Amino acid sequence: MLSHWRQYLAISPFFLIFGVFSLFPVFYSLYLAFQRWDGMGTVQFVGLDQFRFLLDDPVFWLSIRNTLVIWVLSTVPTLFGALVLATLLHSVRRFKGFYRIALYIPNVTSIVAVSIFFGAVFSNNFGLVNAILGTVGISPVPWLSNPWLIKLVIALLMTWMWTGYNMIIYLAGLQAIPTQIYEAARLDGAGPIRTFFQITMPIMRPIILFTVIISTINGLQSFSEPQVLFGSNAANPNLGGPGQAGLTTLLYFYQSAFVNNDYGYGAAIVWAFFVLIMVLVVVNWRVVQRGRKS
Amino acid sequence: MTAVIPRRSRRPKGLTAHIVLVLAVLISVFPFVWTIVMATNTTEDIYKSPPKLTFGSHLLENIRHVLDTIDFFGSMLNTLVVATVTTVLVLFVDSLAAFVFAKFDFPGRKTLFALLVGFMMLPLQLAVLPQFILMSDIGWVGTLKALVLPALANAFGIFWLRQYIENGVPDELLDAARIDGAGFFRQYWNIVLPMIKPALSFLAIYAFVGAWNDYIWPLVVLNDPAHLTLQVALAQLHVGHTTDYSMVMAGVLMASVPLVVVFTIFARGFIAGATEGAVQGS
């Protein structure tokens, strides 16, 4: 032990901060989920009460449904679009560097800025999208008040932000495939579509699995989008817009913990949410793995 | 018809691919262009039907309006300080730990590293509420310290740098340095750091952009208007004045330009680094 003091000293800054600001808080939030506390008064142990309430709370289930719908609506086009763009980008010779940078740029902009932008462009009365629809005689579409369209706008926003990111990851995977395999396939008379499904896809499976997991973890954490998009509604701050159609689970957590000061319930929400993410990650893992065997 | 066929067969290779890619690029940059259009016009022009589609001449007026409404430069300075300090400290703390995990064997090494990787998978939101309680207990709510310290527990950085050091820094080089009498810290500072510059510059941009764009944690922990970060101030601009879109978009533009410029300058190295990490990590 003593002979390694330099090594322990070198990793200690990280583990000290990690312990105080990550490890301890995660366990403390589990402790809080079994208490009732408004942050000021006494902490009262209530056992599983918070979770029992959670299971009967229609708003919690609404937020779960909203989150899942937004996640599916954004992940499917994001990953599909990323794969198509990566395949195309892999096939071209010129302007590769330019395309990579131009398509990645949405990912480095802030969600707040993008949410404000989408709010302006999809505004029910004055937005650019409705103005364009108007010029071809289509009456204004209630993008930000219809429950499904609200989710669609949030999903579009996330798709715009994340397609380039996933494309870069797929491109890296494609570049690692030896070209001889493709030449052999071409000599055997395989067309581009057959080559894609019988060579590219199987080799890319681990990378696709990686992006599916990352997209599950990221996609289910949508918070800033609805918070900024609908934060402007003074009567319903942080409620996720009309009909609470944009109320994601994290937004509900934020509202419970920091607006209503219900710390115990906030902790219960976020832990239930974590379990959901883990279940979905495992399910996704299984689905992609099973595809490999068949 | 017959005249057309040879012409078609001589079309440049991959034309369809280029057309699709250019369309994707247009979608990808359109929000930036349209933000500028909105920021340079008056709100009346945007609200007109059909709206004005060209650049206007009201940018300065809109910027002045932003500066009157929020403390833009104050919050930008706060963000810059937080992002810079976080980045520098993350690079130091993570590279030091990554060096140890990559090149030394000591009791508990595997357990500690497994702990770190395991926690990398947890959603950060699990910790937000207790972090806030902790910050209010030690009286740091509303201070910039509260933003920097939790961000230093960047497990991804260690994970990523460790791979790079393991493969990129030969053991022989470190052994040679040891024989020449270089101690632990000199090996780290004079050999490891210069050799992992590409990895460090990727992590620097990653950490900087992350800190610059962070929203939920500053929203929770900053309550003093004098200490807002740019993202929180921007969101407030939107909440307070929903109708004045040209002003709000001028704010969005002012907040986005620095990051887009910095990213474009360092993009090549950053994207190369990102792909390297992705393929190794899979």
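The values are calculated or read from the model by the stated rules, or taken from the named source; none is laboratory data. The shown structure was predicted, so the numbers you read here are calculated from the model rather than taken from an experiment. FYI the Cβ positions are ideal-geometry reconstructions off the backbone, even for glycines, and counts take in every protein chain you see. Surface accessibility is based on the protein's heavy atoms, side chains included, excluding ligands, DNA and RNA. Shrake-Rupley method; radii C 1.70, N 1.55, O 1.52, S 1.80 Å.
Applying the set (1) more than 27 Å from B:A272 (Cβ to Cβ); (2) open to solvent by less than 60 Å² (accessible area, probe 1.4 Å); (3) among the aliphatic types (A, V, I, L, M) to A:I132 leaves exactly one unmet item: (2).
Has segment A:28-39 got at least one residue that is charged (D, E, K, R) and without any contact (Cβ under 8 Å) to a residue 40 or more places away in the chain? No, the conditions are met nowhere in segment A:28-39.
Restricting attention to segment A:104-113 and to residues that are open to solvent by 10 Å² or more (accessible area, probe 1.4 Å) and of a type in the set (A, V, I, L, M), the residue that is nearest to A:L144 (Cα to Cα) turns out to be A:I111. When A:T159, A:T135, A:T109 are checked against the criterion of being touching a Pro at 6+ places or on another chain (Cβ under 7 Å), at the interface with chain B (Cβ under 7 Å from one of its Cβ atoms) and not small (G, A, S), A:T135 stands alone in meeting it. Here B:L112, B:L122 are screened, and the one residue that is closer than 30 Å to A:Y252 by Cβ, in contact with a Phe, Trp or Tyr (Cβ under 9 Å, 6 or more places away or on another chain) and within 9 Å of another protein chain (Cβ to nearest Cβ) is B:L122.
To keep it simple, each residue is scored yes or no on (1) in a helix (DSSP H, G or I); (2) open to solvent by 70 Å² or more (accessible area, probe 1.4 Å); (3) touching a residue at least 40 places away in the same chain (Cβ under 8 Å).
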residue: A:V141; (1), (2), (3): no, no, no
residue: A:Y165; (1), (2), (3): yes, no, yes
residue: A:I181; (1), (2), (3): yes, no, no
residue: A:A184; (1), (2), (3): yes, no, no
residue: A:T200; (1), (2), (3): yes, no, yes
residue: A:T216; (1), (2), (3): yes, no, yes
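Would you mind stating whether A:P25 is within 31 Å of the chain's Cα centre (by Cα) and either of a type in the set (D, E, K, R) or within 7 Å of chain B (Cβ to nearest Cβ) (or both)? Taking the combined requirement at face value, the residue satisfies it. From the list A:A190, A:A257, the lone residue that is buried (at least 16 other Cβ atoms within 10 Å of the Cβ), at pLDDT 85 or above, aliphatic (A, V, I, L, M) and not in a helix (DSSP H, G or I) is A:A190. Checking each residue in segment B:19-66 for being over 23 Å from A:M158 (Cβ atoms), in contact (Cβ under 8 Å) with a residue 12 or more places away in the chain and open to solvent by less than 20 Å² (accessible area, probe 1.4 Å) picks out B:V37, B:A39, B:T40, B:N41, B:T43, B:I46, B:N62, B:V66.
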